[in-house]
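Reviewing the structure listed below.
The values are calculated or read from the model by the stated rules, or taken from the named source; none is laboratory data. Computed from a prediction, not measured in an experiment: that's the story for all the values here. Note that each Cβ is placed from the backbone with ideal geometry, even for glycine, and that neighbours are counted across all protein chains shown. Only protein heavy atoms, including side chains, enter the accessible area calculation; ligands, DNA and RNA are left aside. Shrake-Rupley method; radii C 1.70, N 1.55, O 1.52, S 1.80 Å.
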Amino acid sequence: DIRQQFIDFFETKSHEFIRSSAVVPHDDPTLLFTNAGMNQFKPYFIGLQEPPTKRVVNSQKCIRVSGKHNDLEEVGVDDYHHTFFEMLGNWSFGDFYKKEAISWAWELLTEVWKLDKKRLWVTIYHEDDESGELWKEHSDIDPQRILKFGAKDNFWEMGETGPCGPCTEIHYYTGENIDDQSAEGVNLLAEYREIWNLVFIQYNRNKNGELNPLPKKHVDTGAGFERLVAILNGKSSNYETDLFIPILDEIVKITGKEILFEGGVPHRVIADHLRMLSFSIADGAMPGNEGRGYVLRRVLRRAARFGRKLEMKEPFLYKLVSILCQVMGEAFPEILDKKSHIEKVIEAEEKSFNDTLDRGLEMFDRVLNKIPKNGTIPGEDAFKLYDTY
Ligand code: SER
């Protein structure tokens with residue numbers, strides 16, 4: 001419903017809904033995976049193609065486990081980073097600009113979804129005073145809640161090269177103590193969660209790192225769907241929403257380990273990685289030894305390794321594809337179409353990794369037996385264990 005409400009809202013602002021592009025970008029050598037909603041529109045931004053329409057809205061499947069945007073180490077440990085997530089977005093290709101982007105975002109968050117204004121914060125790029133003024137004129141945010149940050153937080157780029165520009169981000173305080181908020185927490189503490197990024201695309205960064213102004217100015221917004229769902233349900237964790245609960249429950253059922261086993265990290269990592277693997281395999285990626293395939297292999301192995309913490313020695317990740325299809329299949333029918341292919345690929349890869357891991361564990365025992373108590377594992381053995389097993 002939340003996904004649909006976002007789309008409906010922007011349709012009332014003359015945006016056209018378009019489908020998510022694949023998570024595997026087939027014609028952009030600068031990316032291994034689609035890492036933002038704007039990727040498929042890059043040719044429009046840099047003026048290589050004419051957009052068929054000037055305003056669009058969608059929910060884009062994104063993967064952030066490699067390259068400039070890589071959230072892997074946060075996944076499962078915190079409540080709101082994922083290898084795979086949906087980004088709700090709306091775009092202007094040389095049409096409306098900052099004023100509309102800002103006022104519509106505010107309208108949707110505070111009038112349609114009725115988020116508490118006393119929990120919202122806004123950041124702007126330190127050189128972009130215009131956005132600060134627009135926030136004051138076109139929203140009723142308390143001006144003290146508009147904060148300036150540098151390029152690290154408020155200048156968005158999709159990769160080393162490509163379209164980019166200053167951005168203004170909306171953050172939501174998820175903490176318990178509403179009177180205890182402070183500007184210091186924004187972009188620092190987990191309770192202050194970025195929920196929506198409005199990027200004002202006006203440059204293209206070239207291979208030499210130079211910023212070239214684009215012929216037209218564009219808007220690229222991205223709102224973390226799972227984070228919004230959590231917030232709108234009054235939850236501080238994305239895993240406590242109906243995007244994840246059915247998958248976590250199924251993991252409990254299959255493994256027999258209760259949900260908070262080891263702080264809940266293994267269940268969360270497995271649920272997250274299942275989504276990344278299933279969607280990338282559905283879109284044509286395969287585990288392998290290099291490039292994109294190697295990222296899949298590493299993610300699958302990471303999930304399987306957390307499976308071992310739940311004492312799962314036999315393949316089991318593939319058994320979770322069914323429940324994922326129930327949760328996501330309506331919005332993304334491609335995983336229904338490819339269900340049995342996804343299951344087969346995951347099962348075969350799990351099986352071969354389990355064999356490798358067993359051999360690795362035997363080797364690890366042999367290495368340990370060779371060295372004195374409190375000794376050091378030789379670098380050569382450590383490397384072999386890490387690299388091969
Ligand atoms: N491209 C921006 C982002 O990924 C906004 O969509 O955050």
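Within the range 178-186, can one find any residue that is surrounded by 14 or more Cβ atoms within 10 Å (Cβ to Cβ), of a type in the set (A, V, I, L, M) and within 14 Å of the ligand (Cβ to nearest atom)? So far as the range 178-186 goes, no, none of its residues is surrounded by 14 or more Cβ atoms within 10 Å (Cβ to Cβ), of a type in the set (A, V, I, L, M) and within 14 Å of the ligand (Cβ to nearest atom).
Of all the residues in the range 202-224, those that are touching a Lys or Arg at 6+ places or on another chain (Cβ under 7 Å) and among the hydrophobic types (A, V, I, L, M, F, W, C) number 1. Taken over the range 176-190, the criterion of being in a loop (DSSP other than H, G, I, E, B), at pLDDT 95 or above and not aliphatic (A, V, I, L, M) is satisfied by Q181, S182, N187.
Matching residues to (1) away from the ligand (no atom under 16 Å from the Cβ); (2) on the phi > 0 side of the Ramachandran plot; (3) of a type in the set (G, A, S); (4) touching a strand residue (DSSP E or B) at 6+ places or on another chain (Cβ under 6 Å):
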residue: D220; (1), (2), (3), (4): no, no, no, yes
residue: I251; (1), (2), (3), (4): yes, no, no, no
residue: I259; (1), (2), (3), (4): yes, no, no, no
residue: A271; (1), (2), (3), (4): yes, no, yes, no
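Regarding L228, is this residue part of a helix (DSSP H, G or I), away from the ligand (no atom under 16 Å from the Cβ) and touching a residue at least 24 places away in the same chain (Cβ under 8 Å)? When the stated conditions are applied, L228 does not pass them. Selection of first residues in the range 129-156 that are within 16 Å of the ligand (Cβ to nearest atom) and open to solvent by less than 30 Å² (accessible area, probe 1.4 Å) and of second residues that are not charged (D, E, K, R) and not in a strand (DSSP E or B), restricted to Cβ pairs under 8 Å at least 6 apart or on distinct chains, gives the following pairs, ordered by first then second residue: S131/I102; N154/H126. Taking the criterion of being open to solvent by 20 Å² or more (accessible area, probe 1.4 Å), among the hydroxyl-bearing types (S, T, Y) and within 14 Å of the ligand (Cβ to nearest atom), the residues of the range 12-40 that qualify are S20, S21.
Checking each residue in the range 293-303 for being open to solvent by 10 Å² or more (accessible area, probe 1.4 Å) and either within 15 Å of Y389 (Cα to Cα) or in contact with a helix residue (DSSP H, G or I) (Cβ under 6 Å, 6 or more places away or on another chain) (or both) picks out Y294, R297, R298, R301, R302.
For the range 157-170, name all the residues that are more than 13 Å from the ligand (Cβ to nearest atom) and either at pLDDT 95 or above or surrounded by 13 or more Cβ atoms within 10 Å (Cβ to Cβ) (or both).
Result: T161, single match.
When residues in the range 58-79 are screened for being within 14 Å of the ligand (Cβ to nearest atom) and either closer than 21 Å to E191 by Cα or assigned to a strand (DSSP E or B) (or both), 9 of them pass. Of the residues making up the range 126-144, those that are over 15 Å from C167 (Cα atoms) and not in a helix (DSSP H, G or I) are S139, D140, I141, D142. There is at least one residue in the range 107-125 that is closer than 23 Å to P166 by Cα, touching a His at 6+ places or on another chain (Cβ under 8 Å) and either assigned to a helix (DSSP H, G or I) or among the β-branched types (V, I, T) (or both). When the range 41-50 is limited to residues that are in contact with a strand residue (DSSP E or B) (Cβ under 9 Å, 6 or more places away or on another chain) and within 16 Å of the ligand (Cβ to nearest atom), the one that is nearest to I335 (Cα to Cα) turns out to be F41. The set of residues in the range 217-248 being among the charged types (D, E, K, R) and open to solvent by 50 Å² or more (accessible area, probe 1.4 Å) consists of K217, K235, E240, D242. Answer yes or no as to whether N212 is assigned to a loop (DSSP other than H, G, I, E, B), without any contact (Cβ under 8 Å) to a residue 24 or more places away in the chain and surrounded by fewer than 17 Cβ atoms within 10 Å (Cβ to Cβ). Against the criterion (assigned to a loop (DSSP other than H, G, I, E, B), without any contact (Cβ under 8 Å) to a residue 24 or more places away in the chain and surrounded by fewer than 17 Cβ atoms within 10 Å (Cβ to Cβ)), N212 does not qualify. The condition (being open to solvent by less than 80 Å² (accessible area, probe 1.4 Å) and farther than 19 Å from S280 by Cβ) is satisfied by just one residue among L368, L361: L368.
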